[in-house]
Amino acid sequence: THFGYQQVPWREKQQKVAGVFRSVAARYDVMNDLISMGSHRVLKRMTIELAGVRPGQRVLDLAGGTGDLAIKFSRLVGDTGEVVLADINDAMLAVGRDRLIDAGCGHNTRVAQVNGECLPFADNSFDCVTIAFGLRNITDKDAALRSMLRVLKPGGRLLVLEFSKPVNPLLGKAYDTYSFAVWPRLGKLVVNDSESYQYLAESIRMHPDQDTLKAMMDEAGYGRTEYFNMIGGIVALHRGFKL
Ligand code: SAM
């Protein structure tokens, strides 16, 4: 592939991902709107609804980037709750931290630079963990799933919003063609970086499909796992509980 994605060793993938998000951080939000044609906003709203977060709860938004979900959770958990916006990338977090402050969310949010494969938080300390369009970028997904389970309180839930496999093969083919044809060009135009968006299209191709990810969550120890297809399976929302 363009990046030799399938062959790159472990650490090299992490560095590649770091480079991608450092390069796009400043204009990440506008690119997100462009390449998803605004649909990521609706998908995130649905994620919030399924999270069922209540006032006073603690929420971890892992790979939270520029803080879309964290801002919404901050309003839901109120003064007695807490939201942690966590990401491995300092450039993405810097944008996220500024957005949280500008949105008036500074009082109940914290920002943490972490690797999702080995979270530095206490066992049983979050009511809800979310990871939106982030799992795909993590090298050791099984380790990340186990780490997220460890920090969840019993009864707590994980929500994974991620690109998945379109249910209709024709839609799948069309989407694949569209993403490889259009995204790198948009990337070139808006952030002068076509490679990052070529990576995005390739990483979607490589990501486990709905049932594989559900099986990985079962294997990691989550209970009552299920998924909801969105936009015909282009994106899926997986949910699992710590029982
Ligand atoms: N959740 C945000 C959203 O939906 O807009 C940002 C998603 S962005 C596509 C993916 C994020 O995953 C990037 O900010 C990247 O830095 C982060 N990431 C990649 N590998 C990570 C890791 N090992 N641990 C934590 N975050 C990671």
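What follows is calculated from the coordinates using simple rules that are stated; it is not laboratory data. Owing to the predicted nature of the structure, the values given are computational and were not obtained by experimental measurement. Because the Cβ atoms are built from the backbone with ideal geometry, glycine has one as well, and the counts that use them run over all protein chains shown.
Over region 12-64, one equal point on each Cα, no solvent: what is log10 I(q)/I(0) by the Debye formula at q = 0.22, 0.23, 0.26 Å⁻¹?
For the requested q values the scattering log ratios are -0.97, -0.99, -1.03.
Ratio of alpha-carbon Rg to the 2.2 N^0.38 Å globular estimate for region 129-243, to two decimals, please. Write down the numbers at each step before the final one.
On the way: Rg = 15.4 Å, N = 115, 2.2 N^0.38 = 13.4 Å.
That ratio works out to 1.15.
Rounded to a whole number of µm²/s, how large is the Stokes-Einstein D of region 10-241 at 25 °C and 0.890 mPa s, given Rh as the Kirkwood radius over C-alpha pairs? Don't jump to the answer; show the numbers that get you there.
Details: Rh = 17.7 Å.
Once the numbers are plugged in, D ends up at 138 µm²/s.
Express the Stokes-Einstein translational diffusion coefficient of region 87-181 in µm² s⁻¹, to the nearest whole number, given a Kirkwood radius over alpha-carbon pairs, 10 °C and a viscosity of 1.306 mPa s.
For these conditions, the coefficient is 102 µm²/s.
Straight-line reach from residue 214: which lysines have a Cα under 21 Å away, not including same-chain ones fewer than 8 places off?
Candidates past the 8-residue exclusion: 44, 141, 153, 165, 242.
Among DSSP beta bridges lying fully in the chain, give the percent that are antiparallel, nearest 5. Could you put the intermediate results ahead of the total?
On the way: 13 of 33 bridges.
Once the DSSP bridges in the chain are tallied, antiparallel ones form about 40 percent.
Given 20 °C and 1.002 mPa s, how large is the Stokes-Einstein diffusion coefficient of region 36-150 in µm²/s, with Rh as the Kirkwood radius over Cα pairs?
Working: Rh = 14.1 Å.
Value of D from the Cα-based Kirkwood radius: 152 µm²/s.
Based only on other Cβ atoms within 10 Å, what is the fewest-to-most ordering of 118, 128? Mind showing how you got there, number by number?
On the way: 118 12, 128 23.
Going from sparsest to densest Cβ surroundings: 118, 128.
In what sequence do 79, 176, 68, 29 fall when counting other Cβ within 10 Å, fewest first?
Details: 79 9, 176 14, 68 23, 29 17.
Neighbour counts put them in this order, fewest first: 79, 176, 29, 68.
Could you list 200, 43, 85 so that the one with the fewest beta carbons within 10 Å of its beta carbon is first and the one with the most is last? All intermediate terms of the calculation are to be shown ahead of the outcome.
Values: 200 22, 43 18, 85 30.
Lowest to highest Cβ neighbour count: 43, 200, 85.
How tilted is helix 141-151 with respect to the longest principal axis of the chain? Cα atoms for both, answer in degrees (0 to 90, nearest 10).
10 degrees
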